[in-house]
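Structure first, then comments.
The values are calculated or read from the model by the stated rules, or taken from the named source; none is laboratory data. Quick caveat: nothing in here was measured; it's all calculated off a predicted structure. Here the Cβ is made from the backbone with ideal geometry for all residues, glycine too, and neighbour counts use every protein chain on show.
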Ligand SMILES: NC(=O)c1ccc[n+]([C@@H]2O[C@H](COP(=O)([O-])OP(=O)(O)OC[C@H]3O[C@@H](n4cnc5c(N)ncnc54)[C@H](OP(=O)(O)O)[C@@H]3O)[C@@H](O)[C@H]2O)c1
């Protein structure tokens, strides 16, 4: 692809790291509300280096590392982008971790802040606790003194997530609500995060206290959510949803800047670390996608240029 010449307010960037997130796969499958015009470039987040800037660009220099905007299509080697859509990274942020901050840790931060007021000592619950979002929730909650009951589908993750700061880590199974009750000393849990759907979501909902809130933000199990009538009649649960793309679209530029400041500060302190399983050059896109879709991954798959 021939790169366009840069306009006065644009920048030419070279992509340094771009993860494969589940939503990227859903976009490719045509199962996502965002349908890029074809031919299109997938990839909603990533970090890049600025190579050149247009004459009218201020506050950005060649050599700066930046986060790329949502609609750029980050699985590419280079591209031209409006300079005012780039977020400049602080010097002490590791590039790979920074490339993964905008979607998953941002989702964790927003969901912990925007649904139910939490105080130190409170409990929250989540399934898919080993996901990038789940791990960010564990780290952010731990930092705030909020305790987490974490649900996973693989036994080998129990010790690992406890070591990462999860207070309780349990396998997803029939008697989950009773086991959550036992493990949390009968805590009244007012907030749950669901990224699996199907029966797993209902098990979390059963463990909530009356009037509690369950926030669905993912559907990894690809099963519909069937809400038993009794959970509404007798417990009056609140069923909410969250989509970070909508948050970015609706938030003020000040709120977005404030969140990046917070994410960068936390990341600079060594928090919000997302494990990486492997990196691939773009030339090996098929192998990278197959790897990303494999169960039992121990971290994200990233595209990075050949050294
Ligand atoms: N709504 C939003 O704004 C928003 C933002 C960010 C992410 N998300 C969603 O959040 C979810 C997690 O994203 P991520 O990037 O954090 O994930 P990730 O790091 O790629 O990890 C995927 C997770 O899903 C689990 N999983 C996969 N298939 C499953 C199944 N059939 N049943 C139960 N668990 C299953 C995996 O379990 P194992 O560890 O056992 O393999 C793993 O923990 C995705 O659905 C994603 O689309 C939504």
Segment 27-61: number of residues that are surrounded by 15 or more Cβ atoms within 10 Å (Cβ to Cβ) and free of Cβ contacts under 8 Å to residues at least 12 places away in the same chain:
1
If you go through segment 242-301 one residue at a time, how many are near the ligand (Cβ under 9 Å from one of its atoms), part of a loop (DSSP other than H, G, I, E, B) and within 13 Å of residue 131 (Cα to Cα)?
7
Restricting attention to segment 84-105, and to residues there that are crowded, with 23+ Cβ neighbours inside 10 Å and not in a loop (DSSP other than H, G, I, E, B), which single residue is nearest to the ligand (Cβ to nearest atom)?
104
If I filter segment 148-200 down to residues being in a strand (DSSP E or B) and without any contact (Cβ under 8 Å) to a residue 40 or more places away in the chain, which single residue comes out as nearest to the ligand (Cβ to nearest atom)?
152
I'd like to know if segment 29-47 contains one or more residues that are closer than 17 Å to residue 88 by Cα and assigned to a strand (DSSP E or B).
yes
Of (1) surrounded by 13 or more Cβ atoms within 10 Å (Cβ to Cβ); (2) touching a residue at least 12 places away in the same chain (Cβ under 8 Å); (3) within 30 Å of residue 190 (Cα to Cα), residue 113 fails just (2)
Show the residue pairs meeting these rules: Cβ distance below 6 Å; 6+ apart or different chains; first residue within segment 250-278 and at pLDDT below 95; second residue loosely packed, with under 12 Cβ neighbours inside 10 Å.
268/92
Candidate set from segment 201-225 (those that are assigned to a loop (DSSP other than H, G, I, E, B) and away from the ligand (no atom under 16 Å from the Cβ)); member that is farthest from the chain's Cα centre (by Cα)
210
Would you mind stating whether residue 116 is closer than 16 Å to residue 259 by Cβ, more than 16 Å from the ligand (Cβ to nearest atom) and touching a strand residue (DSSP E or B) at 6+ places or on another chain (Cβ under 8 Å)?
no
